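Student: Mind looking over this structure? Questions follow.
The values are calculated or read from the model by the stated rules, or taken from the named source; none is laboratory data. Being a predicted model, the structure only gives us computed values, none of them experimental. Methodologically, a virtual Cβ is constructed for each residue, glycine included, from the backbone with ideal geometry; neighbour enumeration extends over all protein chains shown.
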Amino acid sequence: MEYVIEMLNIRKEFPGIIANDNITIQLKKGEIHALLGENGAGKSTLMNVLFGLYQPEKGEIRVNGKKENITSPNKANDLGIGMVHQHFMLVESFTVTQNIVLGKEPRKKTGTIDIDKARKEIQELSDRYGLRVDPDAKISDISVGMQQRVEILKTLYRGAEVLIFDEPTAVLTPQEIKELIEILKSLTREGKSIILITHKLKEIMEVCDTCTIIRKGKGIGTVKVAETNPIELASLMVGREVNFKTEKKVAEPKENVLEIENLYVKDSRKVDLVKGLDLNIRAGEIVGIAGVDGNGQSELIESITGLRKARSGVIKLNNKDITNLSPRKITESGVGHIPEDRHRFGLVLDYSIGENIVLQTYYKKPYSKVKILNYKEIFNKAEQLIKEYDVRTPSVYTKARALSGGNQQKAIIGREVDRSPDLLIAAQPTRGLDVGAIEFIHKKLIEERDKGKAVLLVSFELDEILNVSDRIAVMFDGKVVAIVNPEETNEQELGMLMAGSKVNGMGEANGK
Amino acid sequence: MANKRLITFLIPIISVILGLIAGAIIMLVSGYNPIVGYTALWNGAFGDSYTIGETVRRTTPYILTGLSIAFAFRSGLFNIGAEGQVIVGWLAAIWVGLAVDAPMIIHLPLAILASVAAGALWSFVPGILKAKLGVHEVIVTIMMNYIALFSANEIIRSVLTDGATTTEPISATASLASPWLQSITFYSRMHYGILIALFAAVIMWFIIERTTLGYELKAVGYNKHASKYAGMNVSKNIVLTMVISGGFAGLAGAMEGLGTYGTISVMSGNINIGFDGIAVALLGANNPFAVVFAAFLFGALKEGAGEMPTGAGVPTELVDIIIALIIFFVASSYIIRWALLRFKKGEK
Ligand SMILES: Nc1ncnc2c1ncn2[C@@H]1O[C@H](COP(=O)(O)OP(=O)(O)OP(=O)(O)O)[C@@H](O)[C@H]1O
Ligand SMILES: [Mg+2]
């Protein structure tokens, strides 16, 4: 069999950790090959090796059967390898075309950039693969899903035959995921080969041909997707059985913890995105918010946590008005927040894990006394949390930046849940986590609930919302348009409610 | 990790060496003997106890302006206004030195504090404008430099003197001059200020690395959004950073006023201690102790430069070129870092 890419017995070490230990992956032409593994298993590292960002200590890479030494991303591009990173690398103030040609600009005879030629070429590529990208749009004006397509175009424009996707669906909404999957299929129809990193087994089952599994840096094996099932994949990856259905008792909600009345919040463009929202969450229940991205969920959370001012309305926590207080006052009155964007809000990437663990508590005893930090206490706490939450890191002194995406997320969750706040807000908490970690996080959320805390869960994953919530609030156009019981609904019905249509017999009455 | 540290440590040193080599080449090309030139530079900086004393004297304010800029930089702020803060600090110290009558134990600390307060006040303005209105601190601090220069000149002429260009010397009770240090350095102008400057480096290290304030300042410098999320008051931190940074620079003014000169004179233009501090902070990679070494290097180069025309016939401007080259190499540290990593790979 002819392989387009072969990575044979690759080994890559980082200080204190072997990220890739003798891993082999072989990619056939025209296939979609999944790369599956727990958080920190070494997937991104392996792909960064292939893309020339890291040099392996051992092993061999072959492109179309020929041994190659990929010393830089430019070399990878020359060999027809392109990569779509999880965190996009685009210039916000440039147009799509400008971003795509950056570093590879077509020239006119006079030496100036031939932007018209570039635009035409990009339009052609976009049409051919069904990407529907506007070459003249500014990056800052287009959605995350569109930005991802610009990244795809960037690789195609550079002549990529092999495309690497690192968790492309983690940042997308369900609708965008559907579209991406169509794009992936059309890419392979045109003869491209794809390596896809994802934690979502459903996606692997849907589009992939083969799947290579790695566990703790070691290659476990490669299976044909047609001959396997999600349960088997999960247990291969984690090394034990994984429970997909979260076990939980019936909720015993008590008094109101959070009460929101007639809330209005503007977004950064000064347009109301939350428009007269009412919501309450009681002690001992998990309320899930279902909604299509952009219907005011982020603004709602930011206003509860004090990161954004509410224009009008009242937010009460334990019967105390907390509307428009400072983030610190709100945190201190008992709110924890797992933010949606972990790199922007959740972590100071240049701080160590230990320093990040005390991000909201550093000024309190025992982490500091008379304004002087006690690093021993700080790192002790961090040691405890990384054990409890299985954060895989060489040490608590390692910079947050060096952790794998999923392990960064686990550190944040550990920090927020450990404070055991009266109201825990979890926004896309399991984004980028492996199935084992998701199971664990869900358990933790339910544990908090059983301790009598209120939990607000926002997620685009309807599975997650249906599995974990005790009540589901559907958000549409800045309002809660329906409250439904997860036992009595399903994805179809939720989908319709989220699109703004009314369903008979449902409504605000439920659960209030 | 250890490797990265080592590289961070090596970069300034390699930059200095490269700067000196490039300077030698320039001397050769312009027809001077670099060995004679550098010997003169060395003698000018460390030739005898007098020049050593003068080198230390020059180093003292550089340490403080270097710390000032490094401190602001750790929080992501660019304090171009150290120059003006030095001037107001100098002026305030002299003013107190002249106007107050008190025993040394009160008078000297008072004059020093006045310089710190003046520098802090001067940087409070750009700080508050940045925090409240988002006005970029670089623009405001540059403007404040001119305001400081011309106001100080006017005050010297019409308040501190009757139209003269230099004030009376301050009273001995406010002076940092040290007859003992002078006597062991053959009557250089070396003064006790060096101890204050070294102590200030320790203070900065302590604030940045050990206090909750330092934790907040660094967090704001690294990631404003996460700091806000964590409940830190970003505006307050901006103002506080600027104020502390200005305090260090103001103190540098006291070194000149209370230590070296004992007077203040009308200035025709920039005194450059503040601007050179930017280079010192850059060379010291914003680390307080490295800043001390960088300041010492600058002090030595500037002091030694004086000997180059007489000792070797080389114009002093050449030293400015060497300093500029060193900064150039530090600024292009990326290339050095890359070369070092390459070199290490090759070894393996
Ligand atoms: N630049 C780096 N410096 C030090 N260690 C690193 C670096 N990058 C990754 N690591 C470590 O290597 C291991 C593998 O990380 P990698 O990012 O490849 O994981 P991953 O499989 O992509 O995980 P995730 O699913 O969470 O994204 C982790 O333990 C991580 O901490
Ligand atoms: Mg990864």
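Student: Based on what the data block shows, is B:TYR50 surrounded by fewer than 22 Cβ atoms within 10 Å (Cβ to Cβ), of a type in the set (Ser, Thr, Tyr) and in contact (Cβ under 8 Å) with a residue 12 or more places away in the chain?
Tutor: Yes: the conditions hold for B:TYR50.
Student: Moving on. If you scan the stretch A:362-383, which residues turn out to be among the β-branched types (Val, Ile, Thr), more than 7 Å from every other protein chain (Cβ to nearest Cβ) and free of Cβ contacts under 8 Å to residues at least 24 places away in the same chain? Step through it out loud before you land on a result.
Tutor: Let us first name the residues in the stretch A:362-383 that are among the β-branched types (Val, Ile, Thr), namely A:370, A:372, A:378.
Retained after the next criterion (residues that are more than 7 Å from every other protein chain (Cβ to nearest Cβ)): A:370, A:378.
Residue satisfying the conditions is A:VAL370 alone.
Student: Here are the criteria: (1) surrounded by fewer than 18 Cβ atoms within 10 Å (Cβ to Cβ); (2) modelled with pLDDT under 90. Tell me which single one A:LEU131 does not satisfy.
Tutor: (1)
Student: Sticking with this one: Tell me which strands (runs of 3 or more DSSP E) are completely within the stretch A:183-242 and hold 3 or more residues being away from ligand 2 (no atom under 16 Å from the Cβ), or say none if there are none.
Tutor: In the stretch A:183-242, A:218-224 are the strands (runs of 3 or more DSSP E) which contain 3 or more residues that are away from ligand 2 (no atom under 16 Å from the Cβ).
Student: Now for a separate question. Give me the pairs, please: first residue somewhere in the stretch A:399-423 and in the same structural domain as A:GLN86 (by TED's automatic domain parsing) and more than 17 Å from A:ASP450 (Cα to Cα), second residue anywhere and part of a loop (DSSP other than H, G, I, E, B) and at pLDDT below 95, beta-carbon distance under 8 Å, and either six or more positions apart or on two chains.
Tutor: Matching pairs, first to second residue: none at all.
Student: When the stretch A:251-264 is examined, which residues are found to be among the aliphatic types (A, V, I, L, M) and either in a helix (DSSP H, G or I) or without any contact (Cβ under 8 Å) to a residue 60 or more places away in the chain (or both)? Quick ask: steps written out before the conclusion?
Tutor: Within the stretch A:251-264, the first condition is being among the aliphatic types (A, V, I, L, M), and the residues that meet it are A:251, A:257-258, A:260, A:263.
Across the stretch A:251-264, the qualifying residues are A:ILE260, A:LEU263.
Student: Let me ask something else. If I filter the stretch A:336-361 down to residues being without any contact (Cβ under 8 Å) to a residue 24 or more places away in the chain and surrounded by fewer than 22 Cβ atoms within 10 Å (Cβ to Cβ), which single residue comes out as farthest from the other protein chains (Cβ to nearest Cβ)?
Tutor: Checking each candidate, the answer is A:ASP341.
Student: Something else about it: Quick check on my filter: what residues within the stretch A:148-176 are modelled with pLDDT of 90 or more, away from ligand 1 (no atom under 16 Å from the Cβ) and in a helix (DSSP H, G or I)?
Tutor: A:GLN148, A:ARG149, A:VAL150, A:GLU151, A:ILE152, A:LEU153, A:LYS154, A:THR155, A:LEU156, A:TYR157
Student: Take the conditions modelled with pLDDT under 95, crowded, with 20+ Cβ neighbours inside 10 Å and hydroxyl-bearing (Ser, Thr, Tyr) and apply them to B:THR241. Does it pass?
Tutor: So B:THR241 does not fit the description; no.
Student: For B:ALA45, are the conditions met, namely being away from every other protein chain (no Cβ under 14 Å) and in contact (Cβ under 8 Å) with a residue 60 or more places away in the chain?
Tutor: Here the answer is yes, as B:ALA45 does meet what is asked.
Student: State yes or no: is B:PHE150 under 20 Å from B:SER268 (Cα atoms), of a type in the set (Phe, Trp, Tyr) and in a helix (DSSP H, G or I)?
Tutor: So B:PHE150 fits the description; yes.
Student: Going by the structure shown, is A:ALA427 of a type in the set (A, V, I, L, M), more than 16 Å from ligand 2 (Cβ to nearest atom) and not assigned by TED's automatic domain parsing to the domain that holds A:GLY42?
Tutor: Answer is yes for this residue.
Student: Of the residues A:GLY405, A:GLY414, A:GLY354, only one is more than 16 Å from ligand 2 (Cβ to nearest atom) and under 30 Å from A:LYS200 (Cβ atoms); which?
Tutor: A:GLY414
Student: Moving on to the next point. Can you name the residue in the stretch A:313-335 that is outside any loop (DSSP other than H, G, I, E, B) and within 14 Å of chain B (Cβ to nearest Cβ) and, of all such residues, is surrounded by the most Cβ atoms within 10 Å (Cβ to Cβ)?
Tutor: A:VAL335
Student: Suppose we filter the stretch A:32-45 for residues that are closer than 12 Å to A:ILE195 by Cβ and near ligand 1 (Cβ under 7 Å from one of its atoms); how many remain?
Tutor: Counting residues in the stretch A:32-45 that are closer than 12 Å to A:ILE195 by Cβ and near ligand 1 (Cβ under 7 Å from one of its atoms) gives 2.
Student: Taking A:ARG401, is it within 13 Å of ligand 1 (Cβ to nearest atom), within 19 Å of A:ASP166 (Cα to Cα) and either within 14 Å of chain B (Cβ to nearest Cβ) or touching a Gly at 6+ places or on another chain (Cβ under 8 Å) (or both)?
Tutor: Details: within 13 Å of ligand 1 (Cβ to nearest atom): yes; within 19 Å of A:ASP166 (Cα to Cα): yes; either within 14 Å of chain B (Cβ to nearest Cβ) or touching a Gly at 6+ places or on another chain (Cβ under 8 Å) (or both): yes.
Answer is yes for this residue.
Student: Considering only residues that are in a helix (DSSP H, G or I) and surrounded by fewer than 24 Cβ atoms within 10 Å (Cβ to Cβ), which ones fall in the stretch B:97-111?
Tutor: The answer is B:LEU98, B:ALA99, B:MET104, B:ILE105, B:ILE106, B:HIS107, B:LEU108, B:PRO109, B:LEU110.
Student: Further, regarding this structure: Do you know which residues across the stretch A:162-201 are among the acidic types (Asp, Glu) and buried (at least 19 other Cβ atoms within 10 Å of the Cβ)? Steps first, please.
Tutor: Filtering the stretch A:162-201 down to residues among the acidic types (Asp, Glu) leaves A:166-167, A:176, A:179, A:182, A:190.
Result: A:ASP166, A:GLU167, A:GLU176.
Student: Go through the stretch A:370-394 and count every residue that is within 29 Å of the chain's Cα centre (by Cα) and on the phi > 0 side of the Ramachandran plot.
Tutor: Residues flagged as within 29 Å of the chain's Cα centre (by Cα) and on the phi > 0 side of the Ramachandran plot within the stretch A:370-394 amount to 1.
Student: While we're looking at this one, here's another question. In the stretch A:384-398, what residues are of a type in the set (S, T, N, Q), more than 11 Å from every other protein chain (Cβ to nearest Cβ) and surrounded by fewer than 19 Cβ atoms within 10 Å (Cβ to Cβ)?
Tutor: Restricting attention to the stretch A:384-398, the residues satisfying the condition of being of a type in the set (S, T, N, Q) are A:384, A:393, A:395, A:398.
Now drop any that are not more than 11 Å from every other protein chain (Cβ to nearest Cβ), which leaves A:384, A:393.
The answer is A:GLN384, and nothing else.
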